[in-house]
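One structure is given here, and the rest of the page talks about it.
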Amino acid sequence: MGGTVEFKDALRTRLGVMQPTRAALDAFLRDHPHRVTRGIPELVALLRSRDQEVFLVSGGFRQIIHPLAEALGIPLSHVFANSILFNADGTYAGFDESEFTCRSGGKPAAIRHIKEKYGYDSVVMVGDGATDLEARLEGAASLFIGYGGVVVRKNIAEKADWYIMDIQQLIDALQKH
């Protein structure tokens, strides 16, 4: 993750070593239910009540993110993430290399795609990491709101257009307008 290896190559190597199976992934989801950050369901509901679309752009895996999207009422077509591929017997077959997020610069590419496909002039990105910030620095996102409620990253706080520690701060600001 130091930038010396292309992200897609690192992902290929890591998954190749792990050899995840469908059964192991299902067990992981069963044994580790999603813990949704306080305020996220309310934020998504508020945005949707205003006819504002919500997208999930993640370097994680669709198989893990889709149940969360469904629980939040976010259409699966609004999820941009990596996909683990399995053989018919459930063994690991690779990953979908056409996904935006499987490569370096994937989140900005996904946001540019969202803007083009849905005709948006601007997109606000909320995130806690360097690849989230990347979407703003590369000009894809019009505004980047850094989130430090789980992990504070000084470089994200310094470069974000706005840095919040609690999702309620964002909800409060939206409710004022």
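The values are calculated or read from the model by the stated rules, or taken from the named source; none is laboratory data. If you're wondering where the values come from, they're calculated on a predicted model, not measured in any experiment. We place every Cβ from the backbone using ideal geometry, glycine too, and count neighbours over all the protein chains shown. Surface areas here come from the heavy atoms of the whole protein model, side chains and all, with no ligands, DNA or RNA. Shrake-Rupley method; radii C 1.70, N 1.55, O 1.52, S 1.80 Å.
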Q. Local charge sum around Ala45 (other residues, Cβ-Cβ under 14 Å, Lys/Arg +1, Asp/Glu -1)?
A. 0
Q) Please state the Cα pair-distance histogram of region 1-91 with 10 angstrom bins from zero: what percent is in each bin? A) 14, 38, 31, 16, 1
Q.
So if each residue of separation counts as 0.36 nm, and I subtract the Cα-Cα distance between Met165 and Tyr120, what length gain in nm does that give?
A. 13.5 nm
(Q) From the phi angles alone, apply the Karplus equation (6.51, -1.76, 1.60; θ = phi - 60°) to region 34-40 and give each ³J(HN,Hα) in whole Hz, x where the residue is Gly or Pro. (A) 4, 10, 7, 4, 3, x, 5
**Q.** Accessible area of region 61-150 divided out per residue, in Å², using a probe of 1.4 angstrom
**A.** 45 Å²
Q | Rg/Rh for region 67-144, where both radii come from Cα atoms and Rh is the Kirkwood radius | A | 1.03
Q. Under a point spin-label approximation (7 Å from Cα along Cα-to-Cβ), what is the Ala27-Asp89 distance to one decimal in nm?
A. 1.7 nm
Q: Using the heavy atoms of the protein chains and a 1.4 angstrom probe, tell me the accessible area per residue for region 1-60 in square angstrom.
A: 71 Å²
(Q) Given an 8 Å cut-off on Cα distances and at least 6 residues of separation, report the relative contact order of the chain as a percent. (A) 17 percent
**Q.** Radius of gyration and maximum dimension Dmax of region 21-62, Cα, Å
**A.** 14.1, 40
Q.
Please give me the summed charge of the neighbours of Ala140: other residues whose Cβ is under 9 Å from its Cβ, Lys and Arg +1, Asp and Glu -1.
A. +2
Q: Please give the direction-averaged projected area of the C-alpha convex hull for the chain, in square nanometres with one decimal.
A: 10.9 nm²
Q: Find which of Gly39, Leu68, Val123 sits farthest along the positive direction of the dipole of the chain, computed with +1 on the beta-carbon of Lys and Arg, -1 on that of Asp and Glu, about the Cα centre.
A: Gly39
Q: On the protein heavy atoms, probe 1.4 angstrom, tell me the percent of accessible surface of region 42-177 carried by carbon and sulfur.
A: 52 percent
Q.
Suppose we keep just the DSSP beta bridges with both residues in region 25-177; what percent of those would be antiparallel, to 5?
A. 25 percent
Q: Round to the nearest 10 and give me the degree value, 0 to 90, for the angle of helix 22-31's Cα axis relative to the longest principal axis of the chain.
A: 40 degrees
Q. Looking at region 34-129, which GluC sites (Glu not before Pro) are DSSP coil and have at most 14 other C-beta atoms within 10 Å of their C-beta?
A. Glu53, Glu97
